[in-house]
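Here the structure is laid out as structure tokens; the discussion comes afterwards.
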Amino acid sequence: MLALKLLLVPSFLILITLAGKRWGPGVAGWLAGLPVSAGPILFIVTLEQGPVFAASAAAASLSAVSSTVVFCAVYSHASLRFNWRVALPITAGVWLAAVSLLARLPGSTALSFALAASALLGAPYLFPAPKEVAVARSMSMAELAMRAIAGAMLTLAVSLSAATIGTAWSGLLTTYPVLGTVLAVFSHRNHGPDFVTVLLRSMATGMYSFATFFLVLALLLADFGTPTAFVAAIAAGLLAQLATLRFRSIR
């Protein structure tokens, strides 16, 4: 399990970084909307705590789509005025306030779905308009390694915290935007606020697969068990991601 935590997310982070260099920040952000960080963490929590606990955590994770959208929008606006050293603490503080409010809500899958759907539908209107997006520059192996290490450390910290607290906070913490944090900080530092705005806007508006994944888990885990629920959730999430790709191609 430790190897899964330390290898999967950093590997995907490197792939997203290379995709952003090849196809731009919009594609990188769209890929970052996949539940690559939160999904494995919740799977580990399911094995350790059981499917009933994990089903409640999945419902909380679904509601936390809204806090991730807030994270992306706040960082985008903060990046226009501050460097990453200031923008990240501001954004992390707002995210923590948002999930603290979510933790007080009833653990209802229907309510979680309503919050996630509202956030996704409203996301396109929350971001500043980028002016001119810089072309991603070449990066060294050292920088790729730094991104991977940062992703591994964040993933490990979040997963260890999520496994030791109640279902609501467990589900909420698994959704901390590990990929979004690492990508935002490095992109902001290297390419400026317009680049990071496009990336985070694409991430926030591309989280339909994330929401679908956790909705299926919340509905199926308790009654159908871990293997069936996760296979169904992965399949549904990939279908949702493909649907958003079709939508992006139309727009």
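Bear in mind these aren't lab numbers, they're just calculated from the coordinates by the rules spelled out. Just so it is clear, the model here is predicted, and its values are computed rather than measured. When we count neighbours, we look across all protein chains shown, and the Cβ atoms used for this are built from the backbone with ideal geometry, even at glycine.
One table, with the values for the structure above:
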item	result
In order through the stretch 22-29: 3J(HN,Hα) via Karplus (6.51 cos²θ - 1.76 cosθ + 1.60), integer Hz, x for Gly, Pro	7, 10, x, x, x, 5, 4, x
For the stretch 1-87: rounded, prolate or oblate by the Cα gyration tensor [a/c cutoff 1.5]	oblate
Spacing of the two label points (7 Å from each Cα toward its C-beta) at S118 and N83, in nm	3.9 nm
Proxy reagent accessibility, fewest Cβ within 10 Å first, across D194, D223	D223, D194
Backbone HN-Hα couplings from phi across the stretch 209-225 [Karplus 6.51/-1.76/1.60, Hz, Gly and Pro as x]	5, 4, 5, 5, 4, 6, 4, 5, 5, 4, 7, 10, 4, 5, 9, 10, x
